[in-house]
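Notes for the one structure printed next.
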Amino acid sequence: MILTTQNRIALLDKDYNFILSSTTKGFIAYFDHLAKNLFDVILPSMKTRLENFLKESDKKRSDVFLLLRNSGEYRYNFVTVENLSQGFQIQIFDIYDAIEFTQNAVSWAGRIRALLGISKEYLFMFRKSDSLFKVVYYNEKIEFTPYKMELGVWRDFVVENGFVPQDQIQNLDKFVEGLRDFPKSLLVKLESGIRTKSSITEKLRFVATRHDFDGETYMVGRIFTDSEFQRSKHSSNLLNELQIDALSGVYNKKMISAYAKQKIESGENGCFALVIVDLDHFKPVNDQYGHLAGDKVIARAAAKIKEAVGDDGVVGRFGGDEFMLILEDVSNVQVLRGYLYSILLQIRHEFAGNFEGLTLSCSVGAARYPINGTTYDELFSKADFCLYRAKDKGRDRYVFFRDDLHAKIYDDFKKAQNAGVKTDGREIQELRYLANFMQKVKTDSLVAFEDIFRHIFGAYALDFIAVYHGKDLARTFFLGIDRDELKDAKFALSDDFKKALNGTDLIRFDFPFDLKDEWGEFKREMDKKNIGSAIICVFSQNEGNVDGIVFFGRTPAKWAEYEVNSAHIVSSTLSLLNVSKIFRSEL
């Protein structure tokens, strides 16, 4: 049994269709896979109320609705909707799941803590501004709070209830006064029943460090039993083992790394992902707006990443503006894509317009266990490589390791790295491919185009490449998985296609919601063909009518600028040649 609650997240377009219904694990599991629209799963008598709720002007609002799950029953869900520029983000939380979770939480808390290697541990926090003292029993899923009150009130409470023996009150007062002095570090011995909330005492040690954040001062620490403390060789090491990063509120580097290693070493079945998230353009925020603003960005980013991951993963701050995540159960690639894209979207919208002249986004790299590696070092290295690739492709995107796509590049990268050789960036590499292509065009144009199309198809992870030419835009070349709806490109003959071109010879969209409503028939054709991301280049027009295009299509993902430029250059080269003589047959 796994103790968890599901916080399911998906995106809706302006017509309330699930944009990511095929890539969001929670929605695949909860609703029938054929459900495409939110109104397909609402209790009929609640449709009007839901419609009014969705049309409210508040950016973020919540209400309770009965939704039809794949078991055939309507279940009460706490629904939160946030307005986005091109639609909505929706989160649902099954209330029945919450009840079951609460009933099981206490009995399963010990097992979860044991799995995390933090059994018999409590954390505490003391805040200077209001003297709030809080003790929590913390693990990856839940947080129990035995105490939360003003420090002086807490002191009197534990004494009056007999949790601290008379001969230990002096040590208790030493701890209370020590906290109020806010030293850099604090260590106090206290035999008490504070953890058991009874007269049954334990020999405890309270270890704390001071943290200053956002104009506030805290003492944050751990409560050890005497035996746990003695097992450590040096008490100074304990002061650096606090599991929660005070700035971001997520696990610190040591804890998230240990958790990842423990999952691997435990030999647990199932597939999980090690993910590295790095904030784009963070340094200019620090430089131009100061470190206080930078600290706030870190805290807000951590909160949004946690929101995107929900209860299906663990989040830690790895250092600076970098986070590490462990995402559970991602054997389905589409599920992984959904998580990673949700993280990009959360960060992008959280900081939109916050810093003049700066666009804060994030880049993400991921590797999966055991598919991409069976050791921590191997997984981390591959995730870090993918992060480098995401940065190199223009930032604000995710890359997860694929053996068919990245294995050779990764091996070459590691060899060059070990040899101390600096590798060229992707833009330089693609420039070389294009230069070689232009040379081949002079001698054998068919081979040249086949080679460059095969390279683009594999390197850019495309679903297909198609060339259409002639009055009816019949297909003269194709590479990829064929579908009947891709046999011709008559959609390019419409006035709506010309409207989408807007006087240029290229249309590019990264995600389905980039397709504009005013594109009319062209937008409907892309939806019908289930094209999530595309570059369409016009290379020939006859009397104002399009009669030659190259169509690059793939699963929704943001195109790198060098990818767009390369596609455009290859297409433009076709405009100089006789297409009917180049392509003798389709691949």
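For the range 388-401: of the residues being open to solvent by 10 Å² or more (accessible area, probe 1.4 Å) and either at pLDDT 95 or above or touching a strand residue (DSSP E or B) at 6+ places or on another chain (Cβ under 6 Å) (or both), which is nearest to C362 (Cα to Cα)? Looking at residues that are open to solvent by 10 Å² or more (accessible area, probe 1.4 Å) and either at pLDDT 95 or above or touching a strand residue (DSSP E or B) at 6+ places or on another chain (Cβ under 6 Å) (or both), I get D396. In the range 178-201, what residues are exposed (fewer than 12 other Cβ atoms within 10 Å of the Cβ) and modelled with pLDDT of 90 or more? Matches in the range 178-201: D181 only.
Given the condition open to solvent by 30 Å² or more (accessible area, probe 1.4 Å), among the hydroxyl-bearing types (S, T, Y), at pLDDT 70 or above and part of a strand (DSSP E or B), answer yes or no: does some residue in the range 34-55 qualify? No, the range 34-55 contains no residue that is open to solvent by 30 Å² or more (accessible area, probe 1.4 Å), among the hydroxyl-bearing types (S, T, Y), at pLDDT 70 or above and part of a strand (DSSP E or B).
Taken as a whole, the range 280-300 holds no residue that is within 15 Å of the chain's Cα centre (by Cα), buried (at least 23 other Cβ atoms within 10 Å of the Cβ) and in contact (Cβ under 8 Å) with a residue 60 or more places away in the chain. Look at (1) at pLDDT 60 or above; (2) closer than 30 Å to S342 by Cβ; (3) open to solvent by less than 40 Å² (accessible area, probe 1.4 Å) and you find that S85 fails only one, number (3). Counting the residues of the range 455-467 that are modelled with pLDDT of 90 or more, of a type in the set (F, W, Y) and in contact with a helix residue (DSSP H, G or I) (Cβ under 7 Å, 6 or more places away or on another chain) gives 1.
For the range 313-323, the criterion of being touching a helix residue (DSSP H, G or I) at 6+ places or on another chain (Cβ under 7 Å), of a type outside the set (A, V, I, L, M, F, W, C), open to solvent by less than 20 Å² (accessible area, probe 1.4 Å) and not in a helix (DSSP H, G or I) is met by at least one residue.
The residues listed here are L340, L358; of these, the one that is surrounded by fewer than 20 Cβ atoms within 10 Å (Cβ to Cβ), outside any strand (DSSP E or B), touching a residue at least 40 places away in the same chain (Cβ under 8 Å) and hydrophobic (A, V, I, L, M, F, W, C) is L358. Restricting the range 147-165 to residues that are under 39 Å from the mean Cα position of the chain (by Cα) and open to solvent by 40 Å² or more (accessible area, probe 1.4 Å), the residue that is nearest to Y122 (Cα to Cα) is K148. Total residues in the range 362-379 satisfying the condition of being in contact (Cβ under 8 Å) with a residue 24 or more places away in the chain and surrounded by fewer than 21 Cβ atoms within 10 Å (Cβ to Cβ): the figure is 5. Here the strands (runs of 3 or more DSSP E) wholly within the range 468-574 that include at least 2 residues being open to solvent by 10 Å² or more (accessible area, probe 1.4 Å) and of a type outside the set (K, R) are 474-480, 533-542, 545-554.
Taken over the range 434-455, the residue count meeting the criterion of being of a type outside the set (G, A, S), out of contact with any strand residue (DSSP E or B) (no Cβ under 9 Å at 6 or more places or on another chain) and surrounded by 15 or more Cβ atoms within 10 Å (Cβ to Cβ) is 8.
For R554, indicate whether it is basic (K, R) and in contact with a Ser or Thr (Cβ under 8 Å, 6 or more places away or on another chain). It is true that R554 is basic (K, R) and in contact with a Ser or Thr (Cβ under 8 Å, 6 or more places away or on another chain).
Is it the case that some residue within the range 184-194 is among the β-branched types (V, I, T) and more than 16 Å from V159 (Cβ to Cβ)? Looking through the range 184-194, none of the residues is among the β-branched types (V, I, T) and more than 16 Å from V159 (Cβ to Cβ).
Scanning the range 202-212 for residues that are open to solvent by 40 Å² or more (accessible area, probe 1.4 Å) and among the basic types (K, R) gives K203, R210.
Checked against (1) part of a strand (DSSP E or B); (2) touching a residue at least 24 places away in the same chain (Cβ under 8 Å), K197 passes all but condition (1).
Taken over the range 113-133, the residue count meeting the criterion of being modelled with pLDDT under 85 and under 31 Å from the mean Cα position of the chain (by Cα) is 10. Do we have any residue at all in the range 166-173 that's part of a strand (DSSP E or B), surrounded by fewer than 18 Cβ atoms within 10 Å (Cβ to Cβ) and at pLDDT below 95? Among the residues of the range 166-173, not one is part of a strand (DSSP E or B), surrounded by fewer than 18 Cβ atoms within 10 Å (Cβ to Cβ) and at pLDDT below 95, which makes the answer no.
Sub-9 Å Cβ pairs linking a first residue in the range 160-173 that is on the phi > 0 side of the Ramachandran plot to a second residue that is at pLDDT below 95 and of a type outside the set (D, E), at least 6 apart or interchain, are G162/G193; G162/S198; G162/S199, ordered by first then second residue.
Scoring K414 on the criteria (1) at pLDDT 85 or above; (2) open to solvent by 30 Å² or more (accessible area, probe 1.4 Å) leaves a single failure, condition (1).
Here's the yes/no breakdown for (1) farther than 25 Å from A435 by Cβ; (2) among the hydrophobic types (A, V, I, L, M, F, W, C); (3) in contact with a helix residue (DSSP H, G or I) (Cβ under 7 Å, 6 or more places away or on another chain):
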position: E525; (1), (2), (3): yes, no, yes
position: I531; (1), (2), (3): yes, yes, no
position: I535; (1), (2), (3): no, yes, yes
position: A557; (1), (2), (3): yes, yes, no
position: T573; (1), (2), (3): no, no, yes
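The values are calculated or read from the model by the stated rules, or taken from the named source; none is laboratory data. This is a predicted model, so every value here is computed, not measured. For neighbour counting, all protein chains shown are included, and Cβ atoms are generated from backbone atoms with ideal geometry for every residue, glycine included. Note: accessible area is taken over every heavy atom of the protein model, side chains too, but ligands, DNA and RNA are not part of it. Shrake-Rupley method; radii C 1.70, N 1.55, O 1.52, S 1.80 Å.
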